[in-house]
1. When the helices in the chain are scored as -39500 (n - 2.57) per DSSP H run of 4 or longer and the sum is shared across all residues, what 222 nm value do you end up with, to the nearest 500 deg cm²/dmol?
2. Seen from all sides and averaged, what is the projected area of the convex hull of the Cα atoms in the range 1-55, in nm²?
3. How compact is the range 69-112 by the rule of thumb for globular proteins, expressed as Cα Rg over 2.2 N^0.38 Å?
4. Taking every pair of distinct Cα atoms and averaging 1/r, then inverting, what Kirkwood hydrodynamic radius in Å comes out for the chain?
5. Under the 0.36 nm per residue contour assumption, what length would be gained going from the current alpha-carbon distance of Leu102 and Asp45 to full extension?
6. Less than 14 Å Cβ to Cβ from Leu102, Lys/Arg counted +1 and Asp/Glu -1: what total charge do the surrounding residues give?
7. If packing is taken as the mean number of other Cβ atoms within 10 Å per residue, what is the order of 97-110, 67-80, 32-45, highest first?
8. So if each residue of separation counts as 0.36 nm, and I subtract the Cα-Cα distance between Glu83 and Val54, what length gain in nm does that give?
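The values are calculated or read from the model by the stated rules, or taken from the named source; none is laboratory data. Bear in mind the structure is a predicted one, so any value in this text is a computation, not a measurement. A quick note on method: Cβ atoms are made from the backbone with ideal geometry, for glycine too, and the neighbour counts reach across all protein chains shown. What goes into the accessible areas is simple: the full protein's heavy atoms, side chains included, and nothing from ligands, DNA or RNA. Shrake-Rupley method; radii C 1.70, N 1.55, O 1.52, S 1.80 Å.
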Amino acid sequence: MTGEQGGCHCGAIKIRLSFNPVEATECDCSICRRTGALWTYGSPDEIEVSGTGVGYVQGDATLTNWHCGTCGIITHWTPVNPEYGRMGVNLRIFATELWENLPQKLVDGANW
Ligand SMILES: [Zn+2]
């Protein structure tokens, strides 16, 4: 897979996107407002993850949020049910040039 590669701070987890993100989503749900992640979304076949993180399944058990067990950086989320067909990647693990000028979208995840 070619495309932009990002990763956690210590380099244990690396993620490569096969697409160029077109917007950056900020979410106010109970996890995202604490982590400050900026999200982009794609199907799992567009996103290559290498390395193994630590998973945290949030309260409604729809998503697993992954972070590095060494440096603690939130890298991505995967759906608990793979049939969902989409996953999220934290744009902040990529070079700022990839995302700093993207339009930002606020998702009101706290009220879903
Ligand atoms: Zn790390």
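1. -500 deg cm²/dmol
2. Values: hull surface 17.8 nm².
Answer in nm², one decimal: 4.4.
3. Working: Rg = 13.2 Å, N = 44, 2.2 N^0.38 = 9.3 Å.
After normalising by residue count via 2.2 N^0.38 Å, the value is 1.43.
4. On the way: mean 1/r = 0.0710 Å⁻¹.
Evaluated on the chain, it is 14.1 Å.
5. Details: separation 57, 0.36 × 57 = 20.52 nm, distance 2.28 nm.
Net length gain for the segment: 18.2 nm.
6. Values: positive: Arg92, Lys105; negative: Glu4, Glu23, Glu26, Glu97, Glu100.
Once positives and negatives cancel, what remains is -3.
7. On the way: 97-110: 12.1, 67-80: 18.4, 32-45: 16.1.
Put in order of decreasing packing, that is 67-80, 32-45, 97-110.
8. Values: separation 29, 0.36 × 29 = 10.44 nm, distance 2.15 nm.
So the chain would gain 8.3 nm between Glu83 and Val54.
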